[in-house]
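As structure tokens, the structure follows; a few thoughts come after it.
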Amino acid sequence: PVCAWNTGSVIMYYIGLFWVLNLPVKGFFRWGTGLCLTAIVLVWGSQFFFSPEMKIYLLNEWHKPAVILSTRDGRVFLFGGKDIPPEKISRALHKTGFTQADAHFLFTEKEGKYSSALYDAKQIISPFGGGYWPGEEISFGKTKVKIVWGEHLTKSGRLWTNKGYSGNGKDDVSYCVSSAGKEVCVGFKGFFIKTENGVFSGKLNQTIFIEN
């Protein structure tokens, strides 16, 4: 599969195509090259200055959730999703413009139907028996991911936290991603996220897109 191009890449492509198609025009190379290069630089730069710090995609396939989160500095993370076929997660990653996740974050020690090895990620973060515990923070360049006790959301919209480790297999964690002063917390299994603007839940068989 081929990664989806973002809006800036599409605009730059057409500027380049315009330049190539007009090269035969007399005098165009002299005045058109500088103009096209300037336009490309402006479009490229605007992606860094005006794009959101984080883009979040909440997936939900028949009540089986996952979250894909990308940052402005080019990091991309997968949260949960081990009950969704790996090929579908791979297609979702490609549609967001990435071929591989920097890390795959799991919420419990024993999670999901499919093996973690089937998901295309550089690193697998698994709590408790996997060596990661609440309170720890993992750095990915300027992006930090903090492990916290599992946050849950009731049907009535009330948040509650599953604190403490019992070792009975029901313990879980959540994750808070921070970058450039922005923070997004991913709730249990990726059913919802929490931002400064509120709590957002996934919707059955839909992909919800949120900028932060």
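Side notes on the structure shown:
- The distance between label points at D83 and L204 comes to 1.3 nm (points 7 Å beyond Cα on the Cα→Cβ vector).
- Ordering of 143-151, 71-79, 193-201, 95-103 by packing is 71-79, 143-151, 95-103, 193-201, highest average first (other Cβ atoms within 10 Å, averaged per residue).
- Computed over the range 73-212, relative contact order equals 18 percent, with contacts defined as Cα pairs under 8 Å that lie 6+ residues apart.
- Against the set (1) 74, 28, 27; (2) 77, 33, 33; (3) 62, 43, 33, the structure's computed Cα extents along the principal axes in Å falls on (2).
- Remark: accessible surface ordering of S90, S166, S174 (largest first) is S166, S90, S174, probe radius 1.4 Å.
- Calculated [222 nm] ellipticity per residue, helices only, for the chain: -7500 deg cm²/dmol; basis is -39500 (n - 2.57) per DSSP H run with n ≥ 4, divided by all residues, nearest 500.
- Counted over the chain, the DSSP beta bridges are approximately 85% antiparallel.
- At full extension, T161 and N197 could sit 11.0 nm farther apart than now, given 0.36 nm per residue minus the alpha carbon distance.
- Computed with a 1.4 Å probe over protein heavy atoms only, the accessible surface of the range 70-212 comes to 50 Å² per residue.
- Accessible surface of the chain, 1.4 Å probe, proportion on carbon and sulfur as whole %: 58
- Converting phi to 3J(HN,Hα) with the Karplus coefficients 6.51, -1.76 and 1.60 and the offset θ = phi - 60°, the range 20-37 yields 4, 5, 9, 4, x, 5, 4, x, 5, 4, 5, 9, x, 5, x, 5, 5, 5 Hz in sequence order, with x at every glycine or proline.
The values are calculated or read from the model by the stated rules, or taken from the named source; none is laboratory data. Being a predicted model, the structure only gives us computed values, none of them experimental. Here Cβ is always computed from backbone atoms with ideal geometry, including for glycine, and neighbour counts include all displayed protein chains. Note: areas computed on protein heavy atoms with side chains; ligands, DNA, RNA excluded. Shrake-Rupley method; radii C 1.70, N 1.55, O 1.52, S 1.80 Å.
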